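Data first, discussion second: the structure below is written as structure tokens.
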Amino acid sequence: MAATKKTAKRPRGPRMSAEERREAVVEVAVAEFAGRGLHGTPTEEIANKAGISHAYLFRLFPTKTDLFVAATERCFDRVTAAFAEAAAGEPGEERLRAMGHAYVELLGDRIRLLSQLQAYAACDDPEVRATVRRHWGELYDFVARESGADTDQLREFFATGMLLTVTAAMDLFNYDEVWVERLISAHES
């Protein structure tokens, strides 16, 4: 009797369209890239966690950079959507403050936070850099248009946002030091 070789089959989930599968893969990629970035994250792990073959991953996204760019865009889209939701129904002068509070809420999602920082770190790649620049410009234009803020207010808004991003990445909100308290309290209004 010949020995038969058993192969482990990947569990199959519900059948998805290519676009639905693509969206699911991007969500997995956001989480995976958050921890190790563009160059440190194996695409095999993303494929496995998404429940697809490595070959199919590359049919959906021809290059690893294409997948990273899609994950980066997903993070920017989330920020823009949160700002739009926060600004909706607010009087003009309160819109900027509402968007700022919405951003603070987003900082609680460490995966999205770290993924955003990984996008900045990967800006040595020209395609990633172009994507980040484009989305920053779109976000800046959106905030300017929705808030009516002047150039100085916009600069302060985005500078404070970046400071809060780095603060959250270091988990300084849970770090009991005098300098941290001074830093954070200066921007809590």
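Readers should treat all values here as calculations from the given coordinates under stated rules, not as data from a laboratory. It should be emphasised that the depicted structure is a prediction, and the values quoted were computed from it without experimental measurement. Counting neighbours? That spans all protein chains shown, and the Cβs are built from the backbone with ideal geometry, glycine included.
The mean of 1/r over all pairs of different alpha-carbon atoms in the stretch 64-185, once inverted, gives a Kirkwood hydrodynamic radius of 15.2 Å. Residues Val143, Val26, Val166, arranged from fewest to most other Cβ atoms within 10 angstrom of their Cβ, appear as Val166, Val26, Val143.
Extending 7 Å from Cα along the Cβ direction at Asp77 and again at Met16 yields two label points whose distance is 1.3 nm. With a Förster radius of 22 Å applied to the C-beta separation of Glu181 and Arg97, the computed FRET efficiency comes to 0.50. For the chain, the membrane-span-like helix rule (DSSP H, alpha carbon extent of at least 20 Å along the helix axis, mean Kyte-Doolittle at least 1.0) picks out no helix; this says nothing about an actual membrane.
Considering helices alone, the calculated mean residue ellipticity of the chain at 222 nm is -24000 deg cm²/dmol, with DSSP H runs of length four and up weighted by -39500 (n - 2.57) and normalised per residue. Each Lys or Arg adds one and each Asp or Glu takes one away; over the other residues whose Cβ falls under 13 Å from the Cβ of Ala168, this sums to -1.
All other residues whose Cβ lies under 15 angstrom from that of Asp77 are scored, Lys and Arg at +1 and Asp and Glu at -1, for a net of -2.
Counted by neighbouring Cβ atoms within 10 Å, the residues Ile46, Ile52, Ile111 run from fewest to most as Ile111, Ile52, Ile46. As a proxy for reagent exposure, ranking Cys75, Cys123 by other Cβ atoms within 10 Å from fewest up yields Cys123, Cys75. If you plug the beta carbon distance of Arg59 and Trp136 into 1/(1 + (r/R0)^6) with R0 = 35 Å, you get a FRET efficiency near 0.70.
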